[in-house]
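Visitor: Sending over a structure as structure tokens; questions will come in a sec.
The values are calculated or read from the model by the stated rules, or taken from the named source; none is laboratory data. The structure displayed is predicted, hence computed values, not measured ones. Here the Cβ positions follow ideal geometry from the backbone for every residue, glycine too, while neighbour counts run over all protein chains shown. What goes into the accessible areas is simple: the full protein's heavy atoms, side chains included, and nothing from ligands, DNA or RNA. Shrake-Rupley method; radii C 1.70, N 1.55, O 1.52, S 1.80 Å.
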Amino acid sequence: SEKVKFEEDHTDRMQSAELLEYSLLGMKLHIERKPRFWMHHVLLPMMIITTCLLFSYFIEQSKFDARCAINLTLLLAMVGFKYIISAKLPELSYATLIDGYVLMCFLLTFCVVLEQSFAATTLLTEPTFNVTNSKGKDVSLSVFGVFGISIWLGAHVVALCVLYVVRRRRRELDP
């Protein structure tokens, strides 16, 4: 079968203490992972939680307690989620792409909490712009919030396109 290949070989006599040649049987396995499970059960929920974090910028800057409650609740949800998925992930001595993504989500959370805390304690005013909603009311939007959500979602669109291209090329190379 194409999924399992056996190869016969022999050892080098010079590597044997008695200068003997031994038979070897090598086996190659073609293993393909199913990434949809990880995309649906890890990446998508982490993306949703982290994107919700950025919406805290749409709460008035003066309501730091409400912003902080949202951010810390989402951070707690992320920690619980990480705890649950760590049982499903294999214990490896190196970081996988999923580990890197989850770490990136935690770093973004840390940056948002840090920036909003700094803004609240130093009375720094976040830059905003006004938009008129469909009811004719002016709404003040945080530049950081709009920029953060745009960059965050844009990065995910680019990452999904790259994953699609990589998977397609792999399928073409190894049918």
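Visitor: Examine segment 12-35 for a residue that is in a helix (DSSP H, G or I), within 30 Å of residue 125 (Cβ to Cβ) and of a type outside the set (A, V, I, L, M, F, W, C), and state whether such a residue exists.
Guide: Within segment 12-35, none of the residues are in a helix (DSSP H, G or I), within 30 Å of residue 125 (Cβ to Cβ) and of a type outside the set (A, V, I, L, M, F, W, C).
Visitor: Next question, about the same structure. Restricting to segment 66-109, and then to whatever is part of a loop (DSSP other than H, G, I, E, B) and open to solvent by less than 50 Å² (accessible area, probe 1.4 Å), can you tell me which residue is modelled with the highest pLDDT?
Guide: Per the stated criteria, the residue is 96.
Visitor: Identify all residues within segment 145-171 that are at pLDDT 80 or above, farther than 19 Å from residue 38 by Cβ and open to solvent by 80 Å² or more (accessible area, probe 1.4 Å); write none if there are none.
Guide: If the condition is that a residue be at pLDDT 80 or above, farther than 19 Å from residue 38 by Cβ and open to solvent by 80 Å² or more (accessible area, probe 1.4 Å), then 151, 169 are the ones that fit.
Visitor: Can you tell me which residues in segment 110-144 are part of a helix (DSSP H, G or I) and either open to solvent by 60 Å² or more (accessible area, probe 1.4 Å) or of a type outside the set (A, V, I, L, M) (or both)?
Guide: Once the filter is applied, which keeps residues that are part of a helix (DSSP H, G or I) and either open to solvent by 60 Å² or more (accessible area, probe 1.4 Å) or of a type outside the set (A, V, I, L, M) (or both), segment 110-144 yields 110, 111, 114, 115, 116, 117, 118, 121, 144.
Visitor: OK, next. Is one or more of the residues making up segment 46-57 closer than 30 Å to residue 141 by Cβ, outside any loop (DSSP other than H, G, I, E, B), open to solvent by 40 Å² or more (accessible area, probe 1.4 Å) and of a type in the set (A, V, I, L, M)?
Guide: The answer is yes; a qualifying residue exists.
Visitor: Looking at residue 150 and the list (1) among the small types (Gly, Ala, Ser); (2) under 26 Å from residue 68 (Cα atoms); (3) over 29 Å from the mean Cα position of the chain (by Cα), which single condition is not satisfied?
Guide: With respect to (1) among the small types (Gly, Ala, Ser); (2) under 26 Å from residue 68 (Cα atoms); (3) over 29 Å from the mean Cα position of the chain (by Cα), residue 150 is out only on (3).
Visitor: Further question on the same structure: Return the only residue of 64, 81 being in contact (Cβ under 8 Å) with a residue 40 or more places away in the chain, over 28 Å from residue 4 (Cβ atoms) and of a type outside the set (S, T, N, Q).
Guide: The match here is 64.
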